[in-house]
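Report on the structure given below.
The values are calculated or read from the model by the stated rules, or taken from the named source; none is laboratory data. Computed from a predicted structure; not experimentally measured. In this analysis, Cβ positions are derived from the backbone assuming ideal geometry, glycine residues included, and neighbour counts consider all displayed protein chains.
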Amino acid sequence: MPKKGGKKAKVVESPEEKALREATEKLKAEEDKRRKEEAMRTKLAEDLAEEARFAKLNLAKIQNQWRKLMRLAKVESLRKDLEIMSQNHEREVDMKDAIIQMLDRDLDEAEEQYQMALRSHLQNVDALIDLYNHKVRQLESEFEAEIRQLQNDFQTERTEIVTKHAAAKGELMDIIELVEQQFKDTEADAKQDFDSYCEELKNKNLEDRNVLKLMLEAQIETLENHFANAAETYDQTTRQRTQQFRNLTQKDRTSAQTIEAQLKRLQRLQDTLAHWRMKIASNMKECDDRNRLMKEERDQISRHFQELKARMNKMRDEQGARLMEMSISSRKCVQTLNSQKKRAETILRYAELNRKLETDREKVLPFHPIVIAEEDASIPDDLMTEANALSSYALGPNGKPVEEWNYMDEFFKRYNKVLLDKMAIGRKKESLSAENGDLRSILKQYLDGISVNADVMTEPNPLFVLNNRTNIQAAAVLSEDPITVQSANIVVNQRAMMQRQ
């Protein structure tokens with residue numbers, strides 16, 4: 001008996017089975033791969049949904065936290081604003097207190113200065129209002145003039161176009177009426193010619209027909225007699241040929257009638273063909289003339305349209321260039337105004353900072369009073385007021401335009417005053433420092449005179465006298481020439497007053 005634990009016999013596969021097995025394995029692998037991809041896609045979708053949920057939750061948390069931070073920042077900003085407003089209020093209160101104290105001490109002077117400043121301000125406001133009204137009236141007049149010019153141009157062009165259109169329309173109507181009249185005349189003439197020709201042809205045909213009829217009747221009678229004699233003879237000889245001859249004679253009559261009808265129809269068709277050829281030639285000539293006129297009119301209208309289009313494009317380009325230039329100018333103006341605004345804000349901030357250091361007198365009277373020269377009595381007041389209103393320059397306390405070199409007078413006054421105070425303080429500091437040094441030197445000499453030590457013996461001492469001479473070297477006395485100082489503002493004002501005189 002064979003052993004049970006032996007090896008199994010190897011199964012030999014056919015090519016078809018092998019291919020089937022490989023295809024099955026391939027399908028299984030693809031199915032496994034597809035299931036894995038589907039599982040991965042499902043997992044990714046779940047992860048994406050979870051991530052979106054977390055992102056939404058985190059966004060809400062961040063927004064909540066950001067709101068808290070913004071609230072804190074806003075509260076801090078409001079607190080700073082409140083502090084600034086409180087400081088401003090305190091500064092304003094201090095300034096008002098100082099002003100009230102100064103007004104109590106010098107009420108009359110402050111009232112006079114207030115009235116002078118009020119009059120100057122009202123004059124400036126009135127001048128600005130008059131200047132603004134004049135400028136507005138000028139702009140309105142220019143705008144209305146441009147509108148009237150545009151309306152006049154539009155009405156002129158419209159009138160020209162309407163006139164040309166009416167003229168062209170009248171010409172076309174005249175041409176149409178003329179063509180219609182010519183066509184009617186030509187049609188009437190052709191119809192009359194055709195009727196006369198038909199009548200003549202009809203009469204001619206009737207005459208020919210009567211002549212032929214008489215000739216044929218005579219011939220027929222002759223032939224009938226001859227035929228009757230011959231017929232009798234022939235009839236006697238053969239009746240069958242006689243019967244055939246009769247039939248042919250009847251057929252000949254029928255053919256003659258048919259030929260005559262066809263000839264008449266052919267003649268009528270030839271006449272109709274000639275008439276239509278003549279009409280076609282006339283219509284072609286008229287159409288050529290009409291097409292030529294319409295082509296000329298089309299060319300004229302096309303040239304006019306091209307000219308109008310070129311003018312419109314030129315105007316559009318000019319307006320676009322003007323608009324672009326205006327936009328650039330306005331942008332530059334806005335930028336310039338913004339820079340000036342920033343500079344003005346900076347100046348105001350510096351002014352607020354400097355106002356804390358001003359004295360009570362400077363707070364009430366920031367500028368020194370200006371001596372106003374007497375005006376020329378030869379110029380009327382109303383003319384001077386009108387001239388000042390039309391001027392674009394600033395006005396001074398006397399109501400006259402400020403010269404270009406006097407624009408910064410008020411600033412230079414305060415600046416020179418501060419500069420003089422600074423120089424005076426510096427000089428005072430130098431004098432006090434010198435006096436302090438002298439006092440220290442005197443104190444040191446006094447102490448050196450009442451005490452004895454190594455420093456006292458090595459350094460110069462006023463108590464150490466040898467041959468009636470001391471070892472103290474006297475300081476050289478320097479003569480200082482006074483420096484002449486003139487205020488540029490005063491010099492310019494004096495020159496201006498001299499020029500007015």
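Among all residue pairs at least 6 apart or on different chains, which show Cβ distances below 6 Å where the first residue, located in the range 43-65, is at negative phi and the second is surrounded by fewer than 10 Cβ atoms within 10 Å (Cβ to Cβ)?
Matching pairs, first to second residue: none at all.
Criterion first (surrounded by 10 or more Cβ atoms within 10 Å (Cβ to Cβ) and modelled with pLDDT of 90 or more) does residue 342 satisfy it?
When the stated conditions are applied, residue 342 passes them.
Determine which single condition residue 127 fails, assuming it passes every other condition in (1) of a type in the set (Gly, Ala, Ser); (2) closer than 30 Å to residue 300 by Cβ; (3) touching a strand residue (DSSP E or B) at 6+ places or on another chain (Cβ under 7 Å).
It is condition (2) that residue 127 fails.
Determine which single condition residue 333 fails, assuming it passes every other condition in (1) at pLDDT below 85; (2) under 30 Å from residue 400 (Cα atoms).
The one condition residue 333 does not meet is (1).
Report the residue count in the range 267-310 for those that are within 24 Å of residue 187 (Cα to Cα) and among the acidic types (Asp, Glu).
Residues meeting the conditions: 4.
How many of the residues in the range 117-135 are at pLDDT 85 or above, of a type outside the set (D, E, K, R) and closer than 15 Å to residue 401 by Cβ?
Residues meeting the conditions: 5.
Looking for whichever is surrounded by 11 or more Cβ atoms within 10 Å (Cβ to Cβ) and either part of a helix (DSSP H, G or I) or modelled with pLDDT of 75 or more (or both) here; the options are 308, 383, 323, 353. Which one fits?
Answer to the selection: 308.
Could you tell me whether residue 428 is farther than 18 Å from residue 354 by Cβ and at pLDDT 80 or above?
Here the answer is yes, as residue 428 does meet what is asked.
Which residue pairs have Cβ atoms closer than 6 Å, lie 6 or more positions apart in sequence or on different chains, and pair a first residue in the range 130-149 that is among the polar types (S, T, N, Q) with a second residue that is at pLDDT below 85?
From residues that are among the polar types (S, T, N, Q), there are no pairs.
Is it the case, given these coordinates, that residue 313 is over 30 Å from residue 191 (Cα atoms) and free of Cβ contacts under 8 Å to residues at least 60 places away in the same chain?
yes
Given the criterion over 29 Å from residue 166 (Cα atoms), among the acidic types (Asp, Glu) and at pLDDT 85 or above, identify the matching residue among 317, 252, 289.
317
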